[in-house]
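All remarks here apply to the structure that follows.
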Amino acid sequence: MNTLTKDYAIGSHCSSMSWGGLEMNVLRFLVWMNQRGWRTFLYAHPSSMLYKNAVHTEANVRAVKSRPRLAGVLGAIRVADYIREDNVRFLTVHQSPDILTGVEAKLLSRKSFRLIYSQHMHIGGTKRDIFHSMEYRHLDAWVTPVQWLADRVREKTNIPPEKIHIIPRGIELERFTRNRPDKAKARQRLDLPQDVLLAGVVGRLDLKKCQDTAIKALAKVRRAGHPLHLLIVGDQTLSENTGYAEYLRQLVSELDLQDVVHFRSHQRQPEYAYAALDMFVLASQSETYGMVTIEAMASGLPVIGTDDGGTIDLINHEKNGLRFTPMHDDELASAMTRYITEPDFAQGVARQAEQDALAKYSHTCQCEAWERLFDRLSG
């Protein structure tokens, strides 16, 4: 791939105004590829958190003020101009509305680049209609992180199977493995009690993340006589005050759990949150992938996740973790209790989870897989 890195650049267009897992993954990937010798460019709205965070990284940032469905053609013209100026060979888009912008930019630039869709979210209903078929025809590749999603893409679209590629998203494993913080120091940093058993949920405070399920499960575990605490790490989605955060705090009060549920804001160094835990819970209704699950696995924690979405491909039930039916707090309580009452089992699945993370989910493996895809598309 060295010949390509000298001659061409990688671009990403993302119109999202939010700041969550999708946007973090977009930026992380560009930074990693830059570190591998690629020139990388991000095309984003100048008022977005993605843009504001990117200006402090190695990635080059270009402003695209127009957003899909508002003045999308203007945005496509701007992206096409940037692509020519920056000598971009590969442009990746990350949200379904941005596919059309990428297609229009490709047509405007006379197909001077390869257009790739990197899937971060579930695909909705059937996309076999004429409009979507024509739109997707201009994609050179559709990249998805797990087999479960790839199967849905084949089922719901007319995209040729040879254009669908599975590339798991990776993390900087060293932060959670070799450089893992000490538990006592992590708890001190987060102002948490030292001598308690602690479960944790990491992610934005959102109805679909179902932190309430974890709180209800905790109440049942404690009523059964197990003095478990719960750490909830995350903020509500920017610009979205749904009242869910307030509901969670009210629920904690109603269940008389004020002394054992600990709310902490989003952590720029999440490895400290995982290091503080004794078990990790992914309570979401359905995760497309679940970077937090991989981070918890790499951190050597026994993990519990929902039996839906991409989590099914990450957690092999009773091998490297446990799964439960989404929003069934009784099942989650049973899984928590099993880890508490069967410590040897908990340690065994945690060891396997860490081994799986090391083998499959390093950011180096992700970057190398993308480079192979670039090589194939260039050929």
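Each reported figure results from applying straightforward, stated rules to the coordinates on display, with no laboratory input. Predicted model, so just to flag it, every value in this text is computed and none were measured. Using ideal geometry, Cβ is built from the backbone for each residue, glycine included, and neighbour counts are taken over all protein chains shown.
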For this session: Kindly express, to the nearest 10 degrees and within the range 0 to 90, the angle between helix 72-86's C-alpha long axis and the longest C-alpha principal axis of the chain.
Result: 80 degrees
Exercise. So what's the angle, to the nearest 10 degrees on a 0 to 90 scale, between helix 96-108 and the longest Cα principal axis of the chain?
Worked result: 20 degrees
Problem set entry | Descending principal axes extents, region 173-360, alpha-carbon based, whole Å | 41, 34, 31
Exercise. Ranked highest first by average number of other Cβ atoms within 10 Å, how do 92-101, 147-156 line up?
Worked result: 92-101, 147-156
For this session: Take the chain, connect every pair of alpha-carbon atoms lying under 10 Å apart with a spring to form a Gaussian network, then pick out the residue of ASN34, ASN53, ASN241 with the largest mean-square fluctuation.
Result: ASN241
Problem set entry | In range of the label at GLU174: residues from region 28-44 whose backbone nitrogen is under 14 Å from the point 7 Å along Cα→Cβ | 32, 35-36
For this session: Could you compute the FRET efficiency for ARG110 and ILE166, with r as their C-beta to C-beta distance and R0 at 35 Å, rounded to 0.05?
Result: 0.70
Problem set entry | Shape category assigned to region 193-293 from the gyration tensor of Cα positions, a/c cut at 1.5 | oblate
For this session: Please identify, among LEU255, LEU332, LEU205, the residue showing maximal mean-square fluctuation in a Gaussian network model of the chain using a 10 angstrom Cα cutoff.
Result: LEU255
For this session: Kindly provide the helix-only [θ] at 222 nm of the chain, computed as the sum of -39,500 (n - 2.57) over DSSP H runs of four or more divided by all residues, to the nearest 500 deg cm²/dmol?
Result: -13000 deg cm²/dmol
For this session: Quick one: which residues, 5 or more positions from PHE324 or on another chain, have an amide H under 5 Å from its amide H? H modelled 1.01 Å from N in the peptide plane, none for Pro or chain starts.
Result: GLY305, THR306, ASP307
For this session: Given the options ASP86, ASP182, ASP313, state which has the largest fluctuation in a GNM of the chain using a 10 Å cut-off (strictly under) for Cα springs.
Result: ASP182
For this session: Identify all lysines with a Cα-Cα distance to LYS106 below 30 Å; exclude those on the same chain that are fewer than 8 residues away in sequence.
Result: LYS6, LYS52, LYS65, LYS127, LYS156, LYS163
Exercise. Given N residues in the chain, what is Rg(Cα) / (2.2 N^0.38 Å)?
Worked result: 1.03
Problem set entry | ARG137-GLU85 FRET efficiency (beta carbon distance; Förster radius 30 Å; 0.05 resolution) | 0.65
For this session: Could you check the simple spin-label distance between SER253 and GLN188, using points 7 Å along Cα→Cβ, in nm with one decimal?
Result: 3.4 nm
For this session: List the residues whose amide H sits under 5 Å from the amide H of ARG39, counting only those 5 or more places along or on another chain, with H placed 1.01 Å from N in the peptide plane.
Result: ILE10
